[in-house]
Every structure is written in C-alpha cells, then in structure tokens.
Amino acid sequence: MMPSPLKSPRAKRFDAFAKPMDGIRTRSSVGGIITLVAAVTVIFLFVSQVLLYWQLNVTHILELAPSFPLSVVIPTQGGFSTMLWHRAHDKNARKRNSKLASSLRTLAANRIDVSVHITFPYLNCKVLDYSHNGAKFSSGDFAKYNGFSKFTLEKPNEYDYAKATHMSTKGLSRNKAASSSSSFVPEDSCTIKGKITVPRIGGDLSFFLSAEAFRNTAKMVQMGMSLEVSDQRVGGHDTTHYIHEITFGKHFPLAENPLKDKLVKMDDPSGIGLHQVSLKLVPTVYKRFMRQEQDTFQLSSSAYVIKPDALIRANPMKLPGLNLHYDFNPIAVTHMETRENFFVFISSLIGIVGGVFVSVGLVSGMIVSSAKSVFHKQD
C-alpha cells in the first residue's frame, strides 16, 4: 500500500513552518506540503509581477506643434539660409562666432531632411527634371536654393529595375551598383536618389518629364508617329514609377510609411499621367523608456492620377510624373513609453514573498491549533 502524501517522511524536510510541540520544533509532512504550495505560489506571483513590470505603458499626448519664425524657415534670395545650414556642420565656425552658432542651431532645428529613392523604369535620365517649390533643376534655380548634387539621376541597378517592373528580385543584390553594360536594364530607365533639407513649412517636391521632352513627344504624335518611334528619339514617355522610399525627417518607426515600396502604374494607354500626392506631416515626439527622445514624423497621404488631357488643359500646363504636396499638421503627438517605478516594483515583490509566507504560516498555525483541540477533546 502506497503511503499517504500527507504522512510521507520525505515531505517533512520541506517544512518551513516547524511547529513547537512539547518544547521542540518538529517538522511534519503536512507542513512540507504547505511549504511547497507556498513556494509555487510565490514563484507564480513573482513571475507575474516581473511580466507586468516589463510591459510598457503607452501614453499619447496631443498638443500644439511649436511655431517657427518665418525669417528662419524661408530661404532668402541667393540661398543664404542654405549657406548657413552647411556652415552648421563646421565646428571651427561655431567656435569663432557664438552668435552665428546659435543662429545655425535654430536654423537646423527648424529644417528637416527629405530623402528620396524613386525609379522610372521607362524614362531615360536625360528627359527627367525635378523641382522644389517651382525652382527647377534645369533652370538652375534648384541649385541656388538647395545646393548642387542633391539628387543623382542614374541608370538603376538590376534590383531596383526588377522592383519597378514587378519582376522577381530573387538572386539580385539590393546594394549592387548599376552596370552600364547590363542587358537586363534598358537605357531608357532612371533611378533618382538623394536628400535635400527643407524648412518646416508646406511645399511641393516634383519629379517629372521635362517640358521639352513632353512637347517633343506631343509634336511627334501629332505628326503621326507612334509612341514607340517617339521614344527612340525622345527617350521615353511612360511616367510609371516605383517609390522605393520617401521620408520626411525621421519617420516614426511604429507607423507605416505610405511612400514606401509603392508601384504607380499609369492607367492611360499612352502611359502618361501625373501622380499627385497630398501629404500631411504629423510631428511626433517618440519617448522610449531609458532612451533619448526623438523628433519624428508620421505621414497621412491621399493620391490620385491626372490624365494627359487634363494635364494639357491645365493653366499653366502641368507636366507628367510625380508631385508631392506636403504640409505640416498644427497638432503634434507625443508617444511616451514608461514602466512602473522600480522601487514600487521591488516593494511589490517583497510584499508578495512576505505576504504569502505569513498567510501560509497563519493558515498552518490554525490547522495545527485545530488539530490539537480535537486531540485534547478525544482524550
């Protein structure tokens, strides 16, 4: 016959609540079992408390976004504000003139970086142009306000071209440089990469078929030439494009970027159209536990495609391609992640351990006292 667990001699050694009996503290099987139950309860509550502490408490706060003086954020004629922005990275200049350094820091805080990576798989780089707030690269105004070599236009590598044409990228390297001798990527294709710094006010950033190329294509079509023949002479007309990624400032990591991995195919049979994107930039302060806070932006977007006949009728005439109209939301969001105070956490753990053993000790004492009273009555 198997001995009862309550009378097992092995369970006695676990008894942390030895009862004084006749002047001697003895261990019992019941006490050992009670101790094991108490220990399991303590471990369970301890783990639960640790898991609760490890979880982050997320709080969102809405407040008015900070205002910036117009004299700081609007570039002056000749690109003087841009010159100051570049000097902000010159340590010697900061040491020589503390007043200028203060202005530079204010200017840097009131401007954000716009990073662009787009591929036009059916347009030659020579027929593409870009502008910011009407300042075109082809006219030289873009360089005047934003500096030279901000965007590079080059033949895409095989990975970028495959993404832009919805082909498989298996076995292709994302970072491999483009090869001029590659037969996989045609000459009439172009990737635009780069970054510019813009003030924190609304504006327009556009990448489009140049006015000259658009006029030449229209003339050739009017003369009875097919678009295929026109492309051989002009360099392409189809403004279908793939947005690898466009970011305004540092993107908020917990929000989806609507301008990432997006293929925009023109539905018109001619392949000509203007992809018009309206963006609302929501300033978001990202405060993580035990980390430095970050100034980020969330993007809210709406988009539509303007057909070629509407482009021609527009006054002034609009050019096919991609136009980003962005503006800043006056309401800012603070995303704050916090944890329970560490000393409160430690106090809770001590309370759990002490409370369980005290409670079990009281229960154990009650059981022993009740058993003694029953035995005395029987005697």
Qualifying residue in the stretch 103-116 (condition: within 27 Å of Pro316 (Cα to Cα), modelled with pLDDT of 90 or more, in a strand (DSSP E or B) and open to solvent by 30 Å² or more (accessible area, probe 1.4 Å)): no
Any pair with Cβ under 7 angstrom, 6 or more apart, that starts in the stretch 310-332 at a residue that is within 19 Å of Val127 (Cα to Cα) and ends at one that is modelled with pLDDT of 90 or more and surrounded by fewer than 20 Cβ atoms within 10 Å (Cβ to Cβ): Lys318/Ile306; Asn323/Asp204; Asn323/Gln276
Odd one out for Tyr304 among (1) within 17 Å of the chain's Cα centre (by Cα); (2) modelled with pLDDT under 95: (1)
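Here is a yes/no grid of residues against (1) of a type outside the set (Val, Ile, Thr); (2) part of a loop (DSSP other than H, G, I, E, B); (3) touching a His at 6+ places or on another chain (Cβ under 8 Å):
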{"site": "Pro258", "(1), (2), (3)": "yes, yes, no"}
{"site": "Leu263", "(1), (2), (3)": "yes, no, yes"}
{"site": "Asp267", "(1), (2), (3)": "yes, yes, no"}
{"site": "Ile272", "(1), (2), (3)": "no, yes, yes"}
{"site": "Ser278", "(1), (2), (3)": "yes, no, yes"}
{"site": "Val282", "(1), (2), (3)": "no, no, no"}
{"site": "Val285", "(1), (2), (3)": "no, no, yes"}
{"site": "Met290", "(1), (2), (3)": "yes, yes, no"}
{"site": "Thr296", "(1), (2), (3)": "no, no, yes"}
Hits in the stretch 313-355 - residues which are in contact with a helix residue (DSSP H, G or I) (Cβ under 8 Å, 6 or more places away or on another chain) and surrounded by 12 or more Cβ atoms within 10 Å (Cβ to Cβ): Lys318, Leu319, Pro320, Arg339, Glu340, Phe345, Ser348, Leu349, Ile352, Val353
Count of the stretch 284-309 residues which are closer than 21 Å to Asp113 by Cβ and touching a residue at least 60 places away in the same chain (Cβ under 8 Å): 1
Subset of the stretch 159-173 (residues that are modelled with pLDDT of 90 or more and farther than 14 Å from Leu263 by Cβ): Tyr159
For Lys265: the one exception among (1) open to solvent by 80 Å² or more (accessible area, probe 1.4 Å); (2) touching a helix residue (DSSP H, G or I) at 6+ places or on another chain (Cβ under 9 Å): (2)
Residue within the stretch 269-283 that is of a type in the set (Gly, Ala, Ser), surrounded by fewer than 19 Cβ atoms within 10 Å (Cβ to Cβ), free of Cβ contacts under 8 Å to residues at least 60 places away in the same chain and over 24 Å from Val114 (Cα atoms) present: yes
Checklist (1) of a type outside the set (Gly, Ala, Ser); (2) open to solvent by 80 Å² or more (accessible area, probe 1.4 Å); (3) modelled with pLDDT of 80 or more applied to Phe148, failing item: (3)
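The values are calculated or read from the model by the stated rules, or taken from the named source; none is laboratory data. Note that the coordinates shown come from a computational prediction; the quantities given were computed from them, not determined experimentally. Glycine gets a Cβ as well: all are built from the backbone with ideal geometry, and neighbour counts include every protein chain shown. Ligands, DNA and RNA are stripped out before the accessible areas are found, and what is left, the full protein with its side chains, is counted by its heavy atoms. Shrake-Rupley method; radii C 1.70, N 1.55, O 1.52, S 1.80 Å.
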